[in-house]
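The values are calculated or read from the model by the stated rules, or taken from the named source; none is laboratory data. The shown structure was predicted, so the numbers you read here are calculated from the model rather than taken from an experiment. As a convention, Cβ positions derive from the backbone with ideal geometry for all residues, glycine included, and neighbour counts pool all protein chains shown.
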Amino acid sequence: MKWVECPRDSWQGFDRFIPTQAKIGYLKKLLGAGFRHLDLTSFVSPKWVPQHADAEEVLAQLPLPEGREYLVIIANERGLERALAAPKVTSVGYPFSISETFQGKNVNKTIAESWEIVARMRDAAQGRMHFVVHLSMGFGNPYGDPWSPDLPVQFVGKLREMGLGEIALADTYGVATAETIGETLGAVVKAFGPADMGVHLHSRLEGTLEKVQAVLDSGVTWLEGALGGIGGCPFAGDDLVGNLASETVLPYLEKSGLGTGVRLEALPELAQQAARLKALYG
């Protein structure tokens, strides 16, 4: 089971800047607990995401990946250039919304423009690092833009034709139900199989495990979340709709026979530390 821990997502909307050394200390504890896939920072303009203005400094003080995944989010080709210049980055993630409205809000590009950008970035990254596409608004959107389970299938199909294998469907706004997740992933998996398909959900705590089980029932074995359930879409207007809480999901996965390599006994303390960072800087 692949679990991607997402402190980058947790922190990006905090009101106050987390000191660089506090970030590094937290990330090192995650590595020490056995987390092997980290979505840990972003190479975007500090004007838009000031919390990650120290991205290069954070990466420089982390241990070498040594088989682990250090993923950074990029929004354009300038972000990719920064990633390629950072020797410890193993993966970049590009948020590609299937909602025209949100693609404009999130990366200031149209969907048509984004296809061209993805093609250029794919070529530049090839052979140097993994290129992951996060399909934002993959389970619906609040804007009235067109959506059906067939739309993610179309986007995944085009990305696969372009040679991009690693794709995560994201419930950016927290609108998905277990039924929607099952229907959408069922359509995607029927068309392309579950390999290299991931899911990034935002959820209230009470709906978490039902949604996780819907993902597992589809055959997908790549999930993403964050300790404390912290993070989520900054436009959702509901602090309870955060990331999947690692301390809730990982023990459930373990009981289901899907281990992640993370030391479960470390999760309570790490979740408390995540909550302390939010209390201090969120």
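Taking the condition under 19 Å from the mean Cα position of the chain (by Cα) and in a strand (DSSP E or B), does residue 216 pass? The answer is no for residue 216.
Checked against (1) buried (at least 21 other Cβ atoms within 10 Å of the Cβ); (2) at pLDDT below 95, residue 168 passes all but a single condition, namely (2). Here residue 198 does not fit the description of being touching a residue at least 40 places away in the same chain (Cβ under 8 Å) and on the phi > 0 side of the Ramachandran plot.
Here is a yes/no grid of residues against (1) out of contact with any Leu (no Cβ under 9 Å at 6 or more places or on another chain); (2) aromatic (Phe, Trp, Tyr); (3) at positive phi:
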| position | (1), (2), (3) |
| --- | --- |
| 123 | yes, no, no |
| 129 | no, no, no |
| 132 | no, no, no |
| 144 | yes, no, yes |
| 147 | yes, yes, no |
| 161 | yes, no, no |
| 170 | no, no, no |
| 176 | no, no, no |
| 183 | yes, no, no |
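Of the helices (runs of 4 or more DSSP H) lying entirely inside region 85-167, those containing at least 3 residues that are over 25 Å from residue 179 (Cβ atoms) and touching a residue at least 40 places away in the same chain (Cβ under 8 Å) are 111-125.
Here region 244-272 is the region considered, the condition is being among the polar types (S, T, N, Q) and touching a Leu at 6+ places or on another chain (Cβ under 8 Å), and the residue that is nearest to residue 207 (Cα to Cα) is 248. Looking only at region 117-126, decide whether some residue is under 18 Å from the mean Cα position of the chain (by Cα) and under 30 Å from residue 47 (Cα atoms). Yes - at least one qualifying residue is present in region 117-126. Annotation: of all residues in region 146-165 being closer than 25 Å to residue 79 by Cβ and more than 20 Å from the chain's Cα centre (by Cα), the one that is surrounded by the most Cβ atoms within 10 Å (Cβ to Cβ) is 162.
Count of region 41-77 residues, restricted to those that are of a type in the set (Val, Ile, Thr), at pLDDT below 95 and touching a Ser or Thr at 6+ places or on another chain (Cβ under 9 Å), is 1. Against the numbered list (1) free of Cβ contacts under 8 Å to residues at least 60 places away in the same chain; (2) more than 30 Å from residue 51 (Cβ to Cβ); (3) in contact with a strand residue (DSSP E or B) (Cβ under 8 Å, 6 or more places away or on another chain), residue 221 comes up short only at (1). Test residue 12 against the stated conditions and say whether it is modelled with pLDDT under 95, in contact with a His (Cβ under 9 Å, 6 or more places away or on another chain) and among the polar types (S, T, N, Q). Answer is yes for this residue. If you go through region 169-189 and pick out every residue that is more than 15 Å from residue 219 (Cβ to Cβ) and of a type in the set (Gly, Ala, Ser), you end up with 4.
For residue 256, the conditions (1) touching a helix residue (DSSP H, G or I) at 6+ places or on another chain (Cβ under 6 Å); (2) in contact (Cβ under 8 Å) with a residue 40 or more places away in the chain; (3) more than 28 Å from residue 50 (Cα to Cα); (4) not β-branched (Val, Ile, Thr) are fulfilled apart from (1). Residue check: is residue 10 in a helix (DSSP H, G or I) and surrounded by 16 or more Cβ atoms within 10 Å (Cβ to Cβ)? Yes. Within region 35-50, the only residue that satisfies the criterion of being in a loop (DSSP other than H, G, I, E, B), in contact with a helix residue (DSSP H, G or I) (Cβ under 9 Å, 6 or more places away or on another chain) and under 17 Å from residue 65 (Cβ atoms) is 35.
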